[in-house]
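Heads up: the structure comes next, in structure tokens.
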Amino acid sequence: MVEQFQPDQPERSASNDEEISVDWDLLRREAAKAAAKAYAPYSNFHVGAAAITSNDQLVTGSNVENISYGLSLCAECSLISDLHRVGGGRIVAVAILSGSGQPCTPCGRCRQILFEHGGPSCLVDGDGTPRTLAELLPGEFDQDRFAQG
Ligand code: THU
């Protein structure tokens with residue numbers, strides 16, 4: 001018998017009722033450090049991302065480009081790899097910065113990738129004002145939709 005893989009379930013609530021306090025200065029500082037480690041010789045657009053998890057772990061990532069341009073990895077993808085490197089869990093808040101220190105809004109693909117590991121209530125600072133993933137990715141493809149067939 002084939003066992004069905006059970007992915008982590010994002011919390012279904014998009015509300016921030018249970019008032020989480022996020023150290024955005026720390027996340028922005030760590031995102032800036034990660035941006036300094038980016039490998040982006042083709043676009044020269046360096047990106048760093050830093051997130052805090054529900055069990056208070058800090059995870060970071062930077063973009064890694066490739067001469068075959070379409071194979072480039074966004075900073076948010078690297079961050080999710082880092083999340084699993086430290087043992088997994090849920091991300092609750094993410095800051096994304098470019099190498100010049102400007103907030104960097106996540107691309108569409110990264111919104112979906114962050115959603116898988118943060119759910120709708122995850123806060124994302126991609127333009128200087130933290131917003132939920134529910135707001136950034138309306139109509140997301142999620143596990144409920146997948147289960148509906
Ligand atoms: N990039 C990211 O790392 N994250 C995003 O959300 C937007 C774009 C990277 C990909 C590429 O290496 C560079 O920025 C220019 O598009």
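If you check Ser121 against the conditions, is it surrounded by 14 or more Cβ atoms within 10 Å (Cβ to Cβ), among the small types (Gly, Ala, Ser) and either part of a loop (DSSP other than H, G, I, E, B) or away from the ligand (no atom under 12 Å from the Cβ) (or both)?
yes
When you scan segment 24-64, how many residues do you find that are in a loop (DSSP other than H, G, I, E, B) and within 21 Å of Gly89 (Cα to Cα)? Can you show your working first?
Let us first name the residues in segment 24-64 that are in a loop (DSSP other than H, G, I, E, B), namely 36-38, 40-46, 54-57, 63.
Still in the list and also within 21 Å of Gly89 (Cα to Cα): 54-57.
Residues in segment 24-64 being in a loop (DSSP other than H, G, I, E, B) and within 21 Å of Gly89 (Cα to Cα): 4 in total.
How about segment 67-89: which of its residues are outside any helix (DSSP H, G or I), open to solvent by 30 Å² or more (accessible area, probe 1.4 Å) and in contact with a strand residue (DSSP E or B) (Cβ under 8 Å, 6 or more places away or on another chain)?
Within segment 67-89, Ser72, Leu73, Cys74, Val86 meet the criteria.
Identify, please: which residue in segment 90-100 is within 18 Å of Arg111 (Cα to Cα) and either more than 10 Å from the ligand (Cβ to nearest atom) or assigned to a helix (DSSP H, G or I) (or both) and is, among those, nearest to the chain's Cα centre (by Cα)? Write out each step before concluding.
Applying the first criterion (within 18 Å of Arg111 (Cα to Cα)) to segment 90-100 yields 90-98.
Adding the requirement that they be either more than 10 Å from the ligand (Cβ to nearest atom) or assigned to a helix (DSSP H, G or I) (or both) leaves 90-95, 97.
Working: Arg90: 10, Ile91: 7, Val92: 9, Ala93: 8, Val94: 6, Ala95: 8, Leu97: 12 Å.
If we take residues in segment 90-100 being within 18 Å of Arg111 (Cα to Cα) and either more than 10 Å from the ligand (Cβ to nearest atom) or assigned to a helix (DSSP H, G or I) (or both), then Val94 is nearest to the chain's Cα centre (by Cα).
Quick check on segment 101-111: of everything there that is open to solvent by less than 60 Å² (accessible area, probe 1.4 Å) and not in a loop (DSSP other than H, G, I, E, B), which residue is farthest from Phe45 (Cα to Cα)?
Result: Arg111.
Which one is least open to solvent (accessible area, probe 1.4 Å) among residues in segment 37-48 that are closer than 8 Å to Ser62 by Cβ and either among the aromatic types (Phe, Trp, Tyr) or more than 9 Å from the ligand (Cβ to nearest atom) (or both)?
Once the filter is applied, the top-ranked residue is Tyr39.
Could you check, for segment 137-146, whether at least one of its residues is within 17 Å of Leu26 (Cα to Cα), open to solvent by less than 60 Å² (accessible area, probe 1.4 Å) and away from the ligand (no atom under 16 Å from the Cβ)? Even if it seems obvious, please write down each step before you answer.
To start, the set of residues in segment 137-146 that are within 17 Å of Leu26 (Cα to Cα) comprises none.
Scanning segment 137-146 turns up no residue that is within 17 Å of Leu26 (Cα to Cα), open to solvent by less than 60 Å² (accessible area, probe 1.4 Å) and away from the ligand (no atom under 16 Å from the Cβ).
The values are calculated or read from the model by the stated rules, or taken from the named source; none is laboratory data. In this text the structure is predicted, and so the values were computed from the model without any measurement. Here Cβ is always computed from backbone atoms with ideal geometry, including for glycine, and neighbour counts include all displayed protein chains. Heads up: the accessible areas ignore ligands, DNA and RNA and are worked out on the full protein's heavy atoms, side chains in. Shrake-Rupley method; radii C 1.70, N 1.55, O 1.52, S 1.80 Å.
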